[in-house]
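First up is the structure itself, then whatever we jot down about it.
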Amino acid sequence: MIFSAYEGQQKDLQWVTVTLTVISTVLLIWRITNTITSRGWLGLEDVFVIMANIWLVLLAAFIYRSTTYGFGTRLVDIARDGGNATEALKSFWLTQSFYTLTNGFNKMAFLALYYRVFALKRFRQACIVLGVISVGWIVSYVVVCIF
């Protein structure tokens, strides 16, 4: 079956998530430092990227937490290995909201960047419309995840 857990999946989820989150955070710090040095101020797109990174760190923390409780192993093996399936699923469920917020803020960052770079009136209007749609998508998906 395509979605069956494999041996070592739990550790793979942990190290890949932590490694990519650390790389992303280091690159963001580098980007923000260069932006402040060269431009002297942060744009709205930078604020959205910083917010996306905050949600990414929370996403990584809860993925790590869910794997600590047994996510990524076979359900029958969780209790035997000292895990807790309920806690693993709670943490996994929270990751859905953090994933949505991370992606949503990244979308908003791209739209804010396009809005700043391109001065065409129609293009900027399209960026605003897509931003409103994206905010609606973010809010609706988070509400669906929670309730």
Condition broken by residue 79, with the remaining ones in (1) closer than 25 Å to residue 144 by Cβ; (2) over 19 Å from the mean Cα position of the chain (by Cα); (3) of a type in the set (A, V, I, L, M) satisfied: (1)
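Each row is one residue, and each column tells you yes or no for (1) aromatic (Phe, Trp, Tyr); (2) in a helix (DSSP H, G or I); (3) on the phi > 0 side of the Ramachandran plot.
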position: 37; (1), (2), (3): no, yes, no
position: 50; (1), (2), (3): no, yes, no
position: 56; (1), (2), (3): no, yes, no
position: 67; (1), (2), (3): no, yes, no
position: 83; (1), (2), (3): no, no, no
position: 93; (1), (2), (3): yes, yes, no
position: 100; (1), (2), (3): no, yes, no
position: 114; (1), (2), (3): yes, yes, no
Residue 94 in contact (Cβ under 8 Å) with a residue 24 or more places away in the chain, buried (at least 16 other Cβ atoms within 10 Å of the Cβ) and under 11 Å from the mean Cα position of the chain (by Cα): no
Residue in the stretch 1-57 that is farthest from residue 78 (Cα to Cα), counting only those that are of a type in the set (Ser, Thr, Tyr) and surrounded by 10 or more Cβ atoms within 10 Å (Cβ to Cβ): 35
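Inspect the stretch 44-53 for any residue being aromatic (Phe, Trp, Tyr) and at pLDDT below 95 and give the result as yes or no. Full working, then the answer.
At the first step, the residues of the stretch 44-53 found to be aromatic (Phe, Trp, Tyr) are 48.
Okay, now just the ones that are also at pLDDT below 95, so none.
No, the stretch 44-53 has no match at all.
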Where residue 88 falls short, out of the listed (1) over 18 Å from the mean Cα position of the chain (by Cα); (2) surrounded by fewer than 18 Cβ atoms within 10 Å (Cβ to Cβ); (3) without any contact (Cβ under 8 Å) to a residue 40 or more places away in the chain; (4) not in a loop (DSSP other than H, G, I, E, B): (2)
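Which of the residues that make up the stretch 30-60 are of a type in the set (Phe, Trp, Tyr) and in contact (Cβ under 8 Å) with a residue 60 or more places away in the chain?
48 - this is the single residue of the stretch 30-60 that is of a type in the set (Phe, Trp, Tyr) and in contact (Cβ under 8 Å) with a residue 60 or more places away in the chain.
The values are calculated or read from the model by the stated rules, or taken from the named source; none is laboratory data. Values in this document were obtained by computation on a predicted structure and should not be read as measured data. Quick reminder, even Gly has a Cβ in these numbers, built from the backbone with ideal geometry, and neighbours come from all protein chains shown.
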